[in-house]
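Everything below concerns the one structure shown next.
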Amino acid sequence: MILSGLFFRAIQMCTPLLLGSLGEVLVERTGVMNMAIEGIFLLGAWAGFTGAYLSGSLLIGFVCAMLTGVLTGALYGWITVYLKQHQIVTGVALNILAAGLGIYLYRVLFGVPLLPLTVESLKPFAVPVLSDLPFIGPVLFRQNVLTYIAFLAMPAGWWLLFRTRTGLILRSTGANPEAVDAAGINVERVQFGAVLVSSALNGLAGAFYSIGYLGLFSNDMIGGRGWIAFALCFLGNWNPLGALLGALIFGIADAAAITLQTSGFSLVPNEFLIALPYILTIVATVLRTQFNVPASLGTPYIKESK
Amino acid sequence: MEFSVPSALALRGITKAFPGVLANSDVTLSVGEGEVRALLGENGAGKSTLVKILYGLYQPDSGSIEVDGRTVSIRSPRDAMTLGIGMIHQHFTLVPVHTVWENIVLGLAPADGRPLSRDAAAAEIDALGKKYGLEVDPFARIDQLSVGMQQKVEILKALYRRARILVLDEPTAVLTPGEAENLFSFLREFRSSGNTVLFITHKLAEVFAVADSVTVLRGGRNAGDFGVRDASESDLVTCMVGRELVLTKGKPAGSTGNVVLDVRALSILGDRGNRVVDTLSLSVREGEILGIAGVSGNGQEELADVLCGLRIPESGEILLDGRPVRPGIPEAAFHAGTGYIPADRHREGLVLDMTVEENLILKNLSAYSRFGFLRMKKIRENAERLIKQFGIKTPSPAAKVKGLSGGNQQKIVAAREIEAGSRLLVAVQPTRGLDLGAADHVHRTLLDERDRGKAVFLVSTELSEVLKLSDRIAVIFRGRILGEFKRSEATVEKIGMLLAGGMGDAA
Amino acid sequence: MSAPGTKKTASGTIRTLVGERDNSLWTALFPLWSVLLGLAAGGLLMLLLDHNPLKIYGDLVSYAFRDIYNIADIFAKATPLILTGLAFAFAFRASLFNIGAQGQFYLGAVAAAACALAFPQLPSIVLLPLCALAAAVAGSLWGGFAGFCKARFNANEFLVSMMSTYVAVAVLDFLVRGPLREAKGEYPQTDVLAESAWIPSVIPGTRFHWGFFLALAVALIAWIILWKTTLGFRIRAVGRNRRAARFAGMNEQRIFLAVFLISGAFAGLAGFMEVNGVQRMVVQGFNPLLGSEGIGIAILGNAHPVGVVLSALLFGALKVGGILVTQTSTIPSSIIAILEGFVMLFVVLSYWLQHRIAAARARRRASEGGDSR
């Protein structure tokens, strides 16, 4: 029972990591790092909550989250792809801005409520027949819709990248933008588009924390999860299926931490459990050294250089 | 001058400026159907810019382009392709980690996310390859192909898009003489079926080998059009350089002294773990230039790296003046008296964002510091001395290197390395990217240093450079020395045979 | 062609941040413009809460410079910011990203506090240097870990330093809730430090303490290291062209480690300043934005020690005035982060503009002069 609860939660906690890392894989394959990921997670969480609370519809909440992601991504993409400015610096600026904006706009709209405002979060959806399977049923097939979507998105993303013309263009852009340019494709447009798509996915991922799971918004609810999704992208070797594997491991660590904290287990301090996903990221980053890095990653594509 | 054939392609009054450089100024030329036109000029004459404009990679500041007599607007390579223009870039635009067929179909419509038809593409590539003698395995990965094969892929890419006008930017720079001859016969074949070729080069011999006519570019301007039959080599050189340039003639060494560099049974592993140099032995004496001739990628770069301590060899020994040099330690090579003029000075020899005086001490910090602090006065004195001695043109020793011209940047590297290389100078492609005047200066410097009694180890893929400077020439192929010649015995034919791996009867 | 798949130098990407600058008066004013535009953008958000931004900014300035106490507070606030700003700027000169100054700051703070709590009987003259040393060493080791991972395993230092901050937060939480918790056991914080561990004030009755001058000295040291020593020479060479530095025989691994050790020490010292100079104890989750503000300051100051000091003073004034404004109006305190974010964005945009201006000028020169090379 405890075990199935743990795995259920692990699968659930994977959801935003999957969406975020898939977006990051797609955009990094074009040579651009979406360094605004943490900020977009947070703004997505805010927008999702705000949309859902004001409209009473979770769907509208998720749409708002994605639109906010796209908007923020457009700003990031404009500065990094078109103006060729430094990706890490721009990302840091946007993340600081987002950290202030989330709580500020919450205040603007809702003032300072005595109790945190809540919405009813996504309900689980039991898949007919499959959800009745022993153990596997409750773990895998009584999740919410967004979780199913996230898990299906990973193989879909893999197919897009490795089996379609669009994917070929994406991969080529990161590996050698000159080749794409010479083939008559606008490199900047490809990169900008990828930034927008990844930002939409990040927004959705952020909304999972606010309305997919807890049903409320708080400014510290992301707490570096965006960066973990970012890390999963390269721990998974820029492959959606690799990121899926990584996300599962992190989901289990996250779920184990929460389960242990609530079970009154006191052999290790709670703080250690909270730090566990971050420690895991460091360990994985250190151990995973041989990469298949997109060759132009992080380097702005400057055409008229001489 | 006008040609009687109808013009398939015409450029009218093309002007293009870059920050700090006017690359093209009012360039006009027209090429007829079934014609191979050479575009001849020095490095920096604006050839590459012109063809990039033609291909839609750059937009001209003014001027127009005509294809088949109609004025066209080429905003992107896609427009160029639609007009039937195909381009073979000097630096290939291939994705190294992808396969041949993936590179060839990249970007072809429909880009709607439908699955790629791998087998159909492969079949068409095979057919095209057979037709034009450009056979390549469609499923091979680009980074596992030789440079010559990669060029075939580039050409196939253009043919797959039904190009009628083929533009080639310095296509032979990376080829063996044999491969170049194959390329020329392809071009003749391609032309004879009514297509047009624009062929960019700075080598006179190629103009006479393959072109029908030639346009000379100098300083970004059209300096003259010639029919190949009417032009002499000296006409073209004068037109290209704009003045009578007296080039330094190579001269044989006086007397050679003791062995300085002695390489014994050296084996080196490349970046991919394959053996790129295989039990190679050679030696260079005082007052001697040993030229390593070879097509790029045959282990010569790695060999130079090892000599300078930048790479650890798999096995073997390096002796300098009879003493073994500890491998893999740049300081060890440096203190033993090795100077290194790298091929890619921007990436390997200079820190462009640092100043002239800082770059001049890049390798020898310990001599210009005390207790970890830099000795500013001494650094300045060193810079002033070298600036004077080597004629480096810079506003001040504290100016950033990136503001200087290519020739002056090369002089900074040369100044530093010649100071360092009291016994041995390792020069790898020392004139790549330099115009004739600056290249000639480098040649003179190398000869002078030899005459001062240094040993010079020269690696170049330009056979003419090797032949001009070397006292002895060794041909490297797949990490082995296939043959060694005294300068008096060396001919292009003998060396050309070995460059391609053929076992000539020369010893 | 170049070898397939070779990476371009990273130097191209940082061109805009510490690259060549045009020396005209116009561009010298660019950081100022960025600040003004950032404030203007933040002002738009104030309108959403029905506040007149001009009045808010007027209040902010008048609060910040209202009396000697507040003016002194600007220097107190700027002190740790100088150090976290230097931490980022120093690593940035080597093209390395120390995003983890916050964590190094926390470790420094804990070390300084632990030191002061362990030896309360020592005289100030011994205890203060001891605390400073402890803080610097703790920050240095915590930062050095990221440098070590980069040097030894080629691990992404951005991620490692970023993640190590979250771990540092957990470490701090654990300590103030456990071993270092106050004797009363009421709040997650330490006991107040003995008076001998307090950094003396410059102006009595204010928070302006002598640590500010230590921070200035550290900025000077950073400048000396970068431009007057062989270590700094190597750091800049590795930062601008890693490949050329390697070809010149420099050991980049050693540089990575050294840079992070030094950078971490700067951030760790900020912990000493805050604990011994201002807070006189460690409280759970205090000064949570010091690290990211340091990044903003470093960028605004063009990663130069002098620029960092000036930017830190500006941010200090912004904080002093900003906190008072948010206390006396309904503007939430998160406006400060928003302003900082906007200022950073406009700084980034100004680099683009500067580059454009320089390029346009060069182009004009080229077509006028007609000189092709």
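Of note:
- Once you reduce the stretch A:107-183 and the stretch C:209-250 to the center of their Cα atoms, the two points are 45 Å from each other.
- Exposed GluC sites (Glu not before Pro) absent: longest stretch of chain A, with sites in DSSP loops and at most 16 other Cβ within 10 Å deemed exposed: A:121-303
- Whichever lysines have a C-alpha closer than 19 Å to that of residue C:319, once near sequence neighbours (fewer than 8 apart) are set aside: C:55, C:77
- Over the protein assembly as shown, the hull volume per residue, using the convex hull of the C-alpha atoms, is 195 Å³.
- Here r is the Cβ-Cβ distance between residue A:78 and residue B:127 and R0 is 60 Å; the resulting FRET efficiency, rounded to 0.05, is 0.85.
- Length, then width, then depth: along the principal axes, the Cα atoms of the stretch C:308-359 run 47, 23, 11 Å.
- Buried area at the B:C interface is about 3500 square angstrom, summed over both chains, from accessible surfaces computed with a 1.4 angstrom probe.
- Solvent exposure ordering (accessible area, 1.4 Å, most first) of B:345, B:229: B:229, B:345
- Note on exposure: C:227, A:46, A:159 ranked by accessible area (1.4 Å probe, complete protein assembly) read A:159, C:227, A:46, with the most exposed listed first.
- Based on protein heavy atoms only, the stretch B:1-102 ends up with 33 Å² per residue of surface accessible to a 1.4 Å probe.
- Relative contact order, percent, chain C [alpha-carbon distance under 8 Å, six or more residues apart]: 34
- Separation in nanometres of the label points that stand 7 Å from Cα toward Cβ, at residue B:321 and residue B:33: 7.1
- Pairwise centroid distance, computed over Cα atoms, of the stretch C:93-162 with the stretch B:346-408, Å: 36
- Of the beta bridges in the stretch B:9-241, as assigned by DSSP with both residues counted there, near 55 percent are antiparallel.
- Label positions at residue C:67 and residue A:245, each projected 7 Å from the Cα along the C-beta direction, are separated by 6.6 nm.
- If you run the Gaussian network model on chain C, springs between alpha carbon atoms under 10 Å, then out of C:265, C:101, C:111 the most flexible one is C:111.
- Solvent-accessible area of residue B:357 with every protein chain in place, 1.4 Å probe, in Å² to the nearest 10: 30
- Buried between B and A is an accessible area of approximately 2300 Å², summed over both sides with a 1.4 Å probe.
- For the stretch A:140-254, the solvent-accessible area of protein heavy atoms averages 28 Å² per residue (probe radius 1.4 Å; ligands and nucleic acids excluded).
- Using heavy atoms of the protein chains and a probe of 1.4 Å, the accessible area assigned to residue A:82 is about 80 Å².
- Share of carbon and sulfur in the accessible heavy-atom surface of the protein assembly as shown [1.4 Å probe, %]: 60
- GNM top mover of C:120, C:179, C:288 - chain C, alpha-carbon springs below 10 Å: C:179
- Set of lysines with alpha-carbon distance to residue B:52 below 21 Å, sequence-local pairs under 8 removed: A:303, A:306, B:16, B:152, B:157, B:203
- For the stretch B:259-499, the number of Lys pairs with C-alpha atoms closer than 19 Å, counting only pairs eight or more positions apart or on separate chains, is 21.
- Convex hull volume of the stretch B:287-398 per residue (C-alpha atoms, cubic angstrom): 158
- Cα gyration tensor of the stretch C:129-223 - equivalent ellipsoid semi-axes, whole Å, descending: 29, 23, 10
- Solvent accessible area, Å² - residue B:119, 1.4 Å probe, full protein context: 110
- Across all Cα atoms of chain A, the radius of gyration (one decimal) and Dmax (whole number) stand at 19.4, 66 Å.
- The H on the amide N of residue B:285, modeled in the peptide plane, is under 5 Å from the matching H of B:260, each at least 5 residues off or on a different chain.
- Efficiency of FRET between residue B:238 and residue B:82 - r from beta-carbon atoms, R0 41 angstrom, step 0.05: 0.55
- Label zone at residue A:287, where the point sits 7 Å out along the Cα-to-Cβ direction: the stretch A:216-252 residues whose backbone N lies under 15 Å: A:232, A:235-237, A:245-252
- Where only DSSP H runs of four or more residues are counted, chain B gives -9500 deg cm²/dmol as its mean residue ellipticity at 222 nm, each run worth -39500 (n - 2.57).
- Pairing chain A with chain C buries about 4400 Å² of accessible area. This figure sums both sides and uses a 1.4 Å probe.
- Antiparallel beta bridges, as assigned by DSSP with both residues in chain B, represent about 55 percent of the total such bridges.
- Shielding by partners - mean other protein chain Cβ count within 10 Å, residues of C:110-120: 0
- Built amide H within the under 5 Å cut-off of residue B:39, gap 5+: B:199, B:200, B:201, B:215
- Projecting label points 7 angstrom from Cα along Cα→Cβ for residue B:141 and residue A:133 puts them 3.5 nm apart.
- Reachable aspartates and glutamates, given that their alpha-carbon falls under 20 Å from the alpha-carbon of residue C:184 and they are not under 8 places away in the same chain: C:173, C:195
- A convex hull fitted around the alpha carbon atoms of chain C yields 177 Å³ per residue.
- Probing with 1.4 Å while keeping every protein chain in the model, the per residue accessible area of chain C equals 39 Å².
- Largest to smallest accessible area among C:32, A:105 [probe 1.4 Å]: C:32, A:105
- Among beta bridges identified by DSSP and lying wholly in the protein assembly as shown, the antiparallel ones come to about 60 percent.
- Selection of trypsin sites (Lys or Arg not before Pro), the stretch B:107-186, meeting DSSP coil and at most 12 other Cβ within 10 Å: B:162
- Rh (Kirkwood; distinct C-alpha pairs) - the stretch B:9-241, Å: 18.2
The values are calculated or read from the model by the stated rules, or taken from the named source; none is laboratory data. Being a predicted model, the structure only gives us computed values, none of them experimental. Counting neighbours? That spans all protein chains shown, and the Cβs are built from the backbone with ideal geometry, glycine included. Side chains included, ligands, DNA and RNA excluded: accessible areas come from the protein's heavy atoms. Shrake-Rupley method; radii C 1.70, N 1.55, O 1.52, S 1.80 Å.
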